[in-house]
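Working notes, beginning with the structure itself.
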Amino acid sequence: MSAHESMEHAEHAEHASGENKKIALLIAVIALCLALSETLGKGAQTEAISKNVEASNLWAFFQAKSIRRTTVQTAAEQGKLSLAGTTDDATKASLQKQIDDWQKTAARYRSEPETGEGTEQLAERAKHAEHERDEATAKYHHFELASAAFQIAIVLASATIITGMIALAWVSGLVTLAGVVMTALGLFQPHLLHLH
């Protein structure tokens, strides 16, 4: 091998080494993006599960209050029928007081703004929890797609080092950009794309 060929070979190796360092830096940046999207995805998944449990609990409480309200309303209606057949004034007064108490209780079961535990308030709270669950689920789907894009980008960038095909690095960069866009959509516009 001549000195000239040795110099060319050394220059080529140095150039390849410089390119590999750039690709390694690209892989490190993509890995950072992957770590962020995975962390955001886990947080969104946990939030979705938590809000789903909250909504289920609130709907169960709503159902229990509805059953209680129906039972009390039925008792009040039954009391009204008994009242019609009662002639004793003391019994009538006592029965009327009981009917009034049952009706107040039924009204309280329907709406209890001070505690937030009337059926109207419970339904509103449950719907809000469902909305938050759906929001977190939409975010989670975006972060999952972003993570997949970042993983593919890392594979493509790694293949660039092995094959020397710079086009793979460019494709890796484009896939990374798609992952960044999906992460941003997950953070700021999770319902822009319907992914479920």
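Evaluating 6.51 cos²θ - 1.76 cosθ + 1.60 at θ = phi - 60° for every residue in the range 131-140, the Karplus couplings come out as 4, 5, 4, 5, 5, 5, 5, 4, 4, 4 Hz, glycine and proline recorded as x. Per residue, the solvent-accessible area of the chain (1.4 Å probe, heavy atoms of protein chains only, all protein chains present) comes to 63 Å². Principal-axis analysis of the Cα atoms of the chain puts helix 89-110 at an angle of about 10° to the longest axis. For the range 110-182, the mean projected area of the C-alpha convex hull, equal to one quarter of the hull surface, is 5.7 nm². The chymotrypsin sites (Phe, Trp or Tyr not before Pro) found in the range 120-196 include none that occupy coil by DSSP while having at most 12 further C-beta atoms within 10 Å. Can you work out the FRET efficiency for the pair residue 167 and residue 135, with r the C-beta to C-beta distance and R0 = 30 Å, to the nearest 0.05? It comes to 0.15. Considering all different alpha carbon pairs of the range 67-196, the Kirkwood hydrodynamic radius works out to 20.1 Å. Taking a straight Cα-Cα cut-off under 18 Å and skipping sequence neighbours fewer than 8 places away in the same chain, the lysines within cross-link reach of residue 65 are 104, 127.
Farthest toward the positive end of the dipole of the chain, out of 152, 103, 60, is the Cα of 103, where the dipole comes from beta carbon charges about the Cα centre.
Taking the C-alpha atoms only, the angle from helix 3-84 to the longest principal axis of the chain is near 10 degrees.
The values are calculated or read from the model by the stated rules, or taken from the named source; none is laboratory data. All figures in this text were calculated on a predicted structure; none of them were measured in a lab. Positions of Cβ are generated from backbone atoms using ideal geometry, with glycine treated the same way; all protein chains shown enter the neighbour counts. Surface areas here come from the heavy atoms of the whole protein model, side chains and all, with no ligands, DNA or RNA. Shrake-Rupley method; radii C 1.70, N 1.55, O 1.52, S 1.80 Å.
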